[in-house]
Amino acid sequence: MGILWTLIIGAIAGWLGSQIFKGGSLGLIGNIIVGIVGGVIGYYLLGTTFGTAIIGQILTGAVGSIILLAVINLLTGRKV
């Protein structure tokens, strides 16, 4: 059940991060990957600032996703 929650939260966080960052559409798999990696980045940088509930995890993942998308855009020079 933990893997399912990780995928769901990753998808929501990745989608939210791409909407806030105004990037292109990544698709479901892209949103999941960006959300999970963004969650790791967000947790590393913020810890449990937004709390440990589902909303806090989504917000932490979204912040990390925005940071990840910004770094990708800086490195590649195009919108992701």
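Each reported figure results from applying straightforward, stated rules to the coordinates on display, with no laboratory input. Note that the structure is predicted; figures quoted are calculated from it, not measured.
Counting alpha carbon pairs within less than 8 Å and at least 6 residues apart, what relative contact order, in whole percent, applies to the chain?
Averaging sequence separation for qualifying contacts and normalising by length gives 35 percent for the chain.
In the set [x] 22; [y] 49; [z] 26, which value of percent of Cα pairs over 20 Å apart was calculated from the structure you see?
Answer label, from the structure shown: [x].
Between ILE29 and ALA70, what is 0.36 nm times their sequence separation minus the Cα-Cα distance? Round to one decimal in nm.
12.9 nm
Angle check, please: helix 54-76 long axis (alpha carbons) against the longest principal axis of the chain (alpha carbons), in degrees 0 to 90, nearest 10.
20
Give the angle, between 0 and 90 degrees and rounded to the nearest 10, that separates the Cα long axis of helix 2-21 from the longest principal axis of the Cα atoms of the chain.
The helix 2-21 is inclined about 40 degrees to the chain.
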